[in-house]
Amino acid sequence: MSIITVQLGQCGNQIGFEVFDTLFSDSHCPQGLCSKRENEAYQASCKERFFSEEENGVPIARAVLVDMEPKVINQTLSKAAQSGRWKYGQHSCFCQKQGSGNNWAYGYSVHGPRHEESIMDLIQKEVEKCDSLSGFFIIMSMAGGTGSGLGAFITQNLQDQYSNFLKMNHIIWPYGTGEVIVQNYNSILTLSHLYRSSDALLVHENDAVHKICAKLLNIKQISFSDINQVLAHQLGSVFQPTYSEEGSSRYRRNPLGDLMENLVPHPEFKMLGVRNIPQMSEHSLAYSTFTWAGLLKHLRQMLISNAKMEEGGFKDPALYTSWLEPGEALSVWRTQRAFSKYEKSAALVSNSQFLVQPLDMIVGKAWNMFASKAYIHQYTKFGIEEEDFLDSFTLLEQVVASYRNL
C-alpha cells in the first residue's frame, strides 16, 4: 500500500528530499546482504510505497511539495532531478511569492483558506495514482509560520476529506534555546490542532539530533543538512519493508496502519519518538544500547531490526504502564535485509513519557508570555483569538497529565 508524503515549508521540503533520497539509495543498494530474490522483493515493496510510475526510466516520488516561497522548492526539485535516480512529479508542487515569516496565524488563517483548493487538488491527483492508499505522511516544522500554521490547516483538511485514511505528522521540535521569539506560541497552536486532526505525531527534537551529530558522528560544524540526513536515516529505518511475522516471506502491506495499531492504542496518546542504531559491532542488541533509559514509562514500543536480539530487556515490566502486559506493549518487526549498507541495524519507535518535560516547558513558557499579552496582537489580527490559545493550553495540559499518569 502506498504512502503520500506532504512536504510543508522549508523544513518539510528539505527533510522530505533527504527521506526520499535515503529510501531510494537503500532500496537500490547492491549490498543488501541477502539473496537476489529477497533484494528484489524489498525493492518492489519500497517502490510501491514511496514511488509511482517511472518517467523516462526515472521513478517519481509520491509527494506534494508546498511552500509560500519558491526558493526552497526550486532547490529541492533541482537536487532530485540532478541525481538522475529519482525525481518529483512535474505537477506536484505549490508555491507562491509571498512569505508569512514566523506568523503561525497568517499561515493558518490566510494562506490555508486562500490556497486550500489548489493544494488539495494536487493531493487528490497523487491519491488517484495509488492502486491502494495506506495514508499520508506530513513533514513539517512545529514552530515556524508556513510549516506549522499551514501544516495544521492542511492536516485538518486531510482529516475532513480522507477520514478513512491514516495521517501521521512528522514534526520537528524546536531548539530549547529558541529560534524565533514566538516559537512557543507557534508550538502549542500546532500541537493542539494536530492532536485533534492527526492519528499520530512522530517527533524529532532538534537538540537530540544535534547531539547525535556532535557526539556520535563527531561533526565539528553541524549544518541543517547534517541534521536532516540523520532524520532521514531514522525515518527510512522505520519505513523499511518488514515481515508481518517471524519466518514470513510476505512484507507488511499497510505500513502506516500497522504502526498505528501497534503504537497508538488510544487517541489520547499520540506522541511517538524514534531511536536508531545505524550499525552495531556486537552480535546482539540489548535495551541498554538505546539512549532511552528505564526511568521513562512506556505505553507501547516497536522494535525494527535485521539483527539478533536480546529481547528480555525490552520486555521488562518496569518499563511499561501497569495496565498493559509487556507482551502486548512490545512489537518486534524483522527484515533479513541490511538497511542502507549497514550489516546490523535497529530502530526503536516508542510511545512514552519522553516528551513530557519538553512539552511542559513549552506550555509553561507560552503561558508566561500569554499572561502578559506579549505578541498576542500578531495572532488576533489574523483571526486567532485568545480563546484559541486557552483551548490549546487546556488540551496540552491534559496531554501532559495523561502521560505523567502512565
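In region 222-235, the qualifying residues are those that are among the β-branched types (V, I, T) and surrounded by fewer than 22 Cβ atoms within 10 Å (Cβ to Cβ), and the one that is nearest to the chain's Cα centre (by Cα) is I227. Return yes or no: is A61 of a type in the set (A, V, I, L, M, F, W, C), surrounded by fewer than 16 Cβ atoms within 10 Å (Cβ to Cβ) and either modelled with pLDDT of 90 or more or under 23 Å from G9 (Cα atoms) (or both)? Here the answer is no, as A61 does not meet what is asked.
Checking each residue of region 258-270 against the condition of being at pLDDT 75 or above, crowded, with 20+ Cβ neighbours inside 10 Å and either over 19 Å from the mean Cα position of the chain (by Cα) or part of a loop (DSSP other than H, G, I, E, B) (or both) gives at least one match.
Counting the residues of region 282-324 that are at pLDDT 75 or above and open to solvent by 30 Å² or more (accessible area, probe 1.4 Å) gives 8. Here S392 clears all of (1) buried (at least 17 other Cβ atoms within 10 Å of the Cβ); (2) modelled with pLDDT under 90 except the condition numbered (2).
None of I181, I171, I219 is surrounded by 14 or more Cβ atoms within 10 Å (Cβ to Cβ) and touching a residue at least 12 places away in the same chain (Cβ under 8 Å) except I171. Cβ separations smaller than 7 Å between residues 6+ apart or across chains give the following pairs from region 32-57 residues that are more than 21 Å from E18 (Cβ to Cβ) and touching a residue at least 12 places away in the same chain (Cβ under 8 Å) to residues that are open to solvent by 50 Å² or more (accessible area, probe 1.4 Å) and not charged (D, E, K, R): C34/Q336; E38/Q336.
Tallying residues that are touching a residue at least 60 places away in the same chain (Cβ under 8 Å) and more than 19 Å from H193 (Cβ to Cβ) within region 357-380 yields 1. Within region 147-154, identify whether any single residue is in a helix (DSSP H, G or I), β-branched (V, I, T) and within 30 Å of E55 (Cβ to Cβ), and answer yes or no. Yes, there is a match, as at least one residue in region 147-154 is in a helix (DSSP H, G or I), β-branched (V, I, T) and within 30 Å of E55 (Cβ to Cβ). Considering only residues of region 197-246 that are within 21 Å of G144 (Cα to Cα) and assigned to a loop (DSSP other than H, G, I, E, B), which is modelled with the highest pLDDT? Per the stated criteria, the residue is S198. For V209, the stated conditions do not hold, so it cannot be described as in contact (Cβ under 8 Å) with a residue 24 or more places away in the chain, surrounded by fewer than 23 Cβ atoms within 10 Å (Cβ to Cβ) and not basic (K, R). Within the option set L202, L158, L189, being under 22 Å from M369 (Cβ atoms), of a type outside the set (S, T, N, Q) and open to solvent by less than 20 Å² (accessible area, probe 1.4 Å) holds for one residue only, L189. One residue stands out in region 325-360 among those that are modelled with pLDDT of 80 or more and among the polar types (S, T, N, Q): the one that is surrounded by the most Cβ atoms within 10 Å (Cβ to Cβ), namely N351. When you look at E386, is it open to solvent by less than 80 Å² (accessible area, probe 1.4 Å), touching a helix residue (DSSP H, G or I) at 6+ places or on another chain (Cβ under 9 Å), among the acidic types (D, E) and more than 22 Å from R275 (Cα to Cα), yes or no? Against the criterion (open to solvent by less than 80 Å² (accessible area, probe 1.4 Å), touching a helix residue (DSSP H, G or I) at 6+ places or on another chain (Cβ under 9 Å), among the acidic types (D, E) and more than 22 Å from R275 (Cα to Cα)), E386 qualifies. Screening the candidates N164, N157 for the property of being in a loop (DSSP other than H, G, I, E, B) and over 18 Å from the mean Cα position of the chain (by Cα) yields one hit, N164.
Listed conditions (1) at pLDDT below 95; (2) crowded, with 23+ Cβ neighbours inside 10 Å are all met by F137, apart from (1).
Residue by residue, here is whether (1) assigned to a strand (DSSP E or B); (2) within 26 Å of G257 (Cα to Cα) holds:
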site	(1), (2)
V19	no, yes
L23	no, yes
Q43	no, yes
P59	yes, yes
I73	no, no
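Please count how many residues of region 328-367 are in a loop (DSSP other than H, G, I, E, B), of a type in the set (K, R) and touching a helix residue (DSSP H, G or I) at 6+ places or on another chain (Cβ under 6 Å). Residues flagged as in a loop (DSSP other than H, G, I, E, B), of a type in the set (K, R) and touching a helix residue (DSSP H, G or I) at 6+ places or on another chain (Cβ under 6 Å) within region 328-367 amount to 1. Of everything in region 75-109 that is more than 30 Å from N56 (Cα to Cα) and in contact with a Phe, Trp or Tyr (Cβ under 6 Å, 6 or more places away or on another chain), the residue that is surrounded by the most Cβ atoms within 10 Å (Cβ to Cβ) is Y108.
Which one is nearest to the chain's Cα centre (by Cα) among residues in region 169-196 that are part of a helix (DSSP H, G or I) and β-branched (V, I, T)? Residue satisfying both the conditions and the ranking: T190. When only residues in region 1-51 that are open to solvent by less than 10 Å² (accessible area, probe 1.4 Å) and hydroxyl-bearing (S, T, Y) count, which is farthest from A338 (Cα to Cα)? Here the answer is T5. Of everything listed in (1) part of a loop (DSSP other than H, G, I, E, B); (2) among the hydrophobic types (A, V, I, L, M, F, W, C); (3) farther than 16 Å from I4 by Cα, the single unmet condition for A81 is (1).
The values are calculated or read from the model by the stated rules, or taken from the named source; none is laboratory data. Values in this document were obtained by computation on a predicted structure and should not be read as measured data. With ideal geometry, Cβ positions are generated from the backbone for all residues, glycine too; neighbour counts draw on all protein chains shown. Keep in mind that these areas ignore ligands, DNA and RNA; they rest on the heavy atoms of the full protein, side chains included. Shrake-Rupley method; radii C 1.70, N 1.55, O 1.52, S 1.80 Å.
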